[in-house]
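Below you'll find the structure, written out as structure tokens, and then a few comments.
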Amino acid sequence: MAQPVYVIGHKNSDLDSVASAYAYARLLQLQGEEEAIPARNGELKPEVRFVLERYQVDPPEAIDDVHLQVRDVMRRGVICAYLDQPLLEAGQLLQEHNRRSMPVVDTENKVHGILATEDFAKLFFNDLDPRSVNRILLKRDNLVRALRGRVLVEGRRPLGNRVLVGAMQAETMADYIEPGCLVVLGDREDAQLKAIESGAAALVITGDLLVSARTLAAAKQQGVMIISTAHHTFTAVRLINLSISTQDIMNREFDSCRPEDPMSEVQRTLARRRSMPVVDAEGILVGYLSRTDILNARPKRVVLVDHNEQSQAVDGIDEAELLGIIDHHRIADVHTNKPIMFRADPVGCTGTIITGLYHEAGVAIPREVAGLLLAGLLIDTLILRSPTSTTKDERVAGELANIAGEDIEQYGQEIFAAAAADLSARPAESLITADFKEFTVGDTKFAIGTIETASPATIEQRIPELLKAMQRIAQERGYASLLFMLVDIINMQCHLLIWGGEQAVAEVLGVPLEPDGHSVIVEGLVSRKKQLVPLLSRIQATMTGRTGAL
């Protein structure tokens, strides 16, 4: 099976990230990369859910990280034995598939133990100990399957756990027969009758030899099972030994893991176990993992969209095989071990770049892709009003609107209305971190959260609550300055909340602090990427010269 390619945006994926991930994964699929998977990080935001539902698109897969997991390495379609399966058949499976062990499951595929080649060795050597003969119960169906036998007479006597080869005089043999005993015989009628008379539960007649009418009649009358097999006596005895159920010798003490477990943790267990089953929460077998599988493991393949910063990427990106980056932000600090596809353009959103990739590939843009890309473009450029919006964005917006059958202004307003629908009810921390990015300038850590809305008053009523949440977040995460942009898309201004470096931020922006001492109002400030992030180095320098401002 081809290895998946995950296309994913930044942490807490916003509309442009989700739309771009879906659109680029769809382009890869249309070009033959069937395993391209659109992904996201975090919960779906209201505006994202609105657009997905509008175009009947399933939400991209939610992933927390791209660490190598058991599911990326495990073998599927696992061979396994069943609890009541004859050991002979289980051994043949191991040999046929060149395996040293396999799980033992019930009829619902729940794992109960592990059967390994060394278990067969233990069984063989136990057979040399006369005290071990009576340890395993015989089972009628397994006997027939192992011997490939024909049941000539069905029995009523319960099978015990003793096997006897009737290779002596009939009278002598009788002294060794116990109730429930299975006796292996040839065609000697006197021995057959004596075994029935002495309490045997079953006879195995070897070599496909004939059984007399007297023996058959006596067996029916006494309820003694007779099985005929083509094998000679020596082979028949070996096969009877291998007719026992796998559950009788399997190892019931075993380690297992889940598909979502990180391989870094599972490797420690495999240091002491050659292999282990992979089970779901109900204990159902879904895969198998061995040391060999680890040696053949490949990291997850990933394409990043709408970001290229280590701090904004999902966890584990340093372990993944990075295939490409498509972004409209500054070039940052994501590193690769080999050349990759890197597309960056100073436009209003990543969707504009991806639209160009469809053109370059000569692939028509499907309607639902156009609808998603347009939505990401409109929310990122504030319906083409933001200073980040370019003539290319405007041209692309018109093209996508035609494909999707949307009116740009009306569609944009509906998206922003969906985004604002639950602002009053959302927890303060959720508002701050919904569209949230970290930045490092020198040794100074910054973070900027953003919300764009046509109804800022709803959120401004909660400023004291938001500032308390900002203080807690800044302290827990070690930010020297945490900024929260409340952007009014109607009046094109920003109420900027600040925790840490308040005076420095106000000075660099050239505006006075509000009476609360933790916010400023800035006309025309609507873009984090183009207007605020470029000022971070100046803010950091000012803060360094104003220690008291921290």
query: What residue, among those in region 399-420 that are part of a helix (DSSP H, G or I) and acidic (Asp, Glu), is surrounded by the fewest Cβ atoms within 10 Å (Cβ to Cβ)?
result: GLU409
message: Considering only residues that are charged (D, E, K, R) and under 23 Å from the mean Cα position of the chain (by Cα), which ones fall in region 89-116?
response: GLU108, LYS110
message: Return the residues of region 372-385 that are surrounded by fewer than 24 Cβ atoms within 10 Å (Cβ to Cβ) and either touching an Asp or Glu at 6+ places or on another chain (Cβ under 9 Å) or within 11 Å of THR352 (Cα to Cα) (or both); say none if nothing qualifies.
response: LEU382, ILE383, LEU384
- request: Check region 341-349 and report whether any residue there is of a type outside the set (Asp, Glu), more than 27 Å from LEU323 (Cα to Cα) and either out of contact with any Asp or Glu (no Cβ under 6 Å at 6 or more places or on another chain) or surrounded by fewer than 19 Cβ atoms within 10 Å (Cβ to Cβ) (or both).
  value: no
- request: Could you figure out which of (1) modelled with pLDDT under 95; (2) among the aliphatic types (A, V, I, L, M); (3) closer than 23 Å to LEU431 by Cβ isn't true of VAL48?
  value: (1)
- prompt: On the given criteria, is ILE317 of a type outside the set (S, T, N, Q), under 23 Å from the mean Cα position of the chain (by Cα) and at pLDDT 90 or above?
  reply: yes
message: If SER243 satisfies all but one of (1) assigned to a loop (DSSP other than H, G, I, E, B); (2) modelled with pLDDT of 90 or more; (3) farther than 30 Å from CYS80 by Cα, what's the number of the condition it fails?
response: (3)
message: Condition (residue is crowded, with 21+ Cβ neighbours inside 10 Å, modelled with pLDDT of 90 or more and charged (D, E, K, R)) applied to region 55-72: is it met by at least one residue?
response: no
- line: Here the qualifying pairs (Cβ atoms under 7 Å; residues six or more apart or on different chains; first in region 126-150 and at negative phi; second part of a helix (DSSP H, G or I) and modelled with pLDDT under 50) come out as ASN126/SER132
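For region 421-539, please list each of the helices (runs of 4 or more DSSP H) lying entirely inside it that holds at least 2 residues being surrounded by 20 or more Cβ atoms within 10 Å (Cβ to Cβ).
Of the helices (runs of 4 or more DSSP H) lying wholly inside region 421-539, those with at least 2 residues that are surrounded by 20 or more Cβ atoms within 10 Å (Cβ to Cβ) span 428-433, 463-477, 502-509.
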message: Where the second residue is of a type in the set (Lys, Arg) and part of a helix (DSSP H, G or I) and the first is under 11 Å from TYR24 (Cβ atoms) and assigned by TED's automatic domain parsing to the domain that holds LYS45 and lies in region 354-374, which pairs have Cβ atoms under 9 Å and are six or more apart or on separate chains?
response: VAL369/ARG26
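Please verify whether region 320-335 includes one or more residues that are in a helix (DSSP H, G or I), in contact with a strand residue (DSSP E or B) (Cβ under 8 Å, 6 or more places away or on another chain) and surrounded by 14 or more Cβ atoms within 10 Å (Cβ to Cβ).
Within region 320-335, not a single residue is in a helix (DSSP H, G or I), in contact with a strand residue (DSSP E or B) (Cβ under 8 Å, 6 or more places away or on another chain) and surrounded by 14 or more Cβ atoms within 10 Å (Cβ to Cβ).
This table checks each residue for (1) closer than 18 Å to ASP119 by Cα; (2) part of a helix (DSSP H, G or I).
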position	(1), (2)
ARG214	no, yes
PRO259	no, no
PRO277	yes, no
ALA281	no, no
LEU285	no, no
ILE294	no, yes
ARG298	no, no
field: helices (runs of 4 or more DSSP H) wholly inside region 1-100 containing at least 2 residues that are in contact with an Asp or Glu (Cβ under 9 Å, 6 or more places away or on another chain)
entry: 15-30, 46-54, 70-73
query: What number of residues in region 434-465 are within 18 Å of ILE331 (Cα to Cα), touching a strand residue (DSSP E or B) at 6+ places or on another chain (Cβ under 8 Å) and of a type in the set (A, V, I, L, M)?
result: 2
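The values are calculated or read from the model by the stated rules, or taken from the named source; none is laboratory data. None of these values were measured; they are calculated from a predicted model. Note that each Cβ is placed from the backbone with ideal geometry, even for glycine, and that neighbours are counted across all protein chains shown.
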